[in-house]
Amino acid sequence: MFGRGKKVPVDAATGLLTIPLLLLSSFSIMPALAQVASYYQNTPDGYRVLLPDGWIVEDKNNDESASVTAQQVNIYGSDILADFCPEGETLLPAIGGGFQCGAESVLSETLELVKFPDLHSRPEFAALLSQNKTITSRDIIPFFVEMQQLHSEQNDVQIQDFRLQNMNDTTVDVIDSQTNQTKAVLPAKFAELIFQAEQNLPPSSPSSPLPPYFSYPSAPSQQPSSSAVPIKMFGLFVVANNTTTGYSLYNIEPDPGVVAPPAPIHLIMDSFELLE
């Protein structure tokens, strides 16, 4: 992961650092991605990532009231922290400045960061915790799938037949936000999932954690609503140091034959770090 054991200066005013990507090859970033990346840090939400040039961050949870966020956590067990997408014609202006990722943003070029707070209180983990076992990054994957299916039912979308195509071990660094030093290296999982999506109503709203599956070229609007579409998902899953907070950073690929996420998506996932 980017930044492991390295000090990375952050501009106190902007939270951004511009770094030539060609200098980052030693951090496992693909050297062919010859562009400039900006280092985005969100201290209140406790994370930071490298952003490819021309990409923006839509700060989701800070745009909603505390009551809306609490309701979403209670029902779906999750809090959407941010969306990451490239600049383009699909962007919308956001209140107070900045931009929003539009509903028609290309799915394969969009990432969503989701937080799963207070996992120890969730009934899904009661049996595990009763055995004095710890919630792991691997456990977050089935919980994530269950919450996605629950949300889809609320939005007249059927997502089913989830299959784990691949799962690899990786790590996520925990950084001290004051000293910029690495405090811990957490075990994490990078998973590839295949599932079927079928939607009978118009695509979900931009604020929904479920992407508008039928807004991409491979499933045009004239396609019969009863036709299920195979979709691939790339996701990074990790549990924080406190063992009760989980995170998922995931990307939807309309083409299930894709073997890896696009280079900008890879960059953001590979650079994801937690702040304490």
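Mind telling me which of the residues ASN168, ASN180 ends up being in a strand (DSSP E or B) and either under 22 Å from GLY246 (Cα atoms) or modelled with pLDDT of 90 or more (or both)?
Going through ASN168, ASN180 in turn, the sole match is ASN168.
Scan region 101-121 for residues that are at pLDDT 90 or above, surrounded by fewer than 22 Cβ atoms within 10 Å (Cβ to Cβ) and in contact with an Asp or Glu (Cβ under 7 Å, 6 or more places away or on another chain) and report the count.
The number of residues fulfilling the criteria is 2.
Can you list residue pairs whose Cβ atoms sit under 6 Å apart, with the first residue in region 125-148 being touching a residue at least 60 places away in the same chain (Cβ under 8 Å) and surrounded by 12 or more Cβ atoms within 10 Å (Cβ to Cβ) and the second being of a type in the set (D, E, K, R) and outside any helix (DSSP H, G or I)? Count only pairs 6 or more apart in sequence or on different chains.
Within 6 Å, the pairs are SER137/LYS189; ARG138/LYS189.
Return a yes/no flag: does region 143-163 have any residue that is under 23 Å from GLU273 (Cα atoms), at pLDDT below 95, within 16 Å of the chain's Cα centre (by Cα) and not aromatic (Phe, Trp, Tyr).
yes
With the requirement that a residue be modelled with pLDDT under 70 and touching a strand residue (DSSP E or B) at 6+ places or on another chain (Cβ under 8 Å), what does region 64-90 give you?
THR69, GLN72, VAL73, GLY77
The values are calculated or read from the model by the stated rules, or taken from the named source; none is laboratory data. The model shown is predicted, which means the values in this text are computed figures rather than measured ones. Using ideal geometry, Cβ is built from the backbone for each residue, glycine included, and neighbour counts are taken over all protein chains shown.
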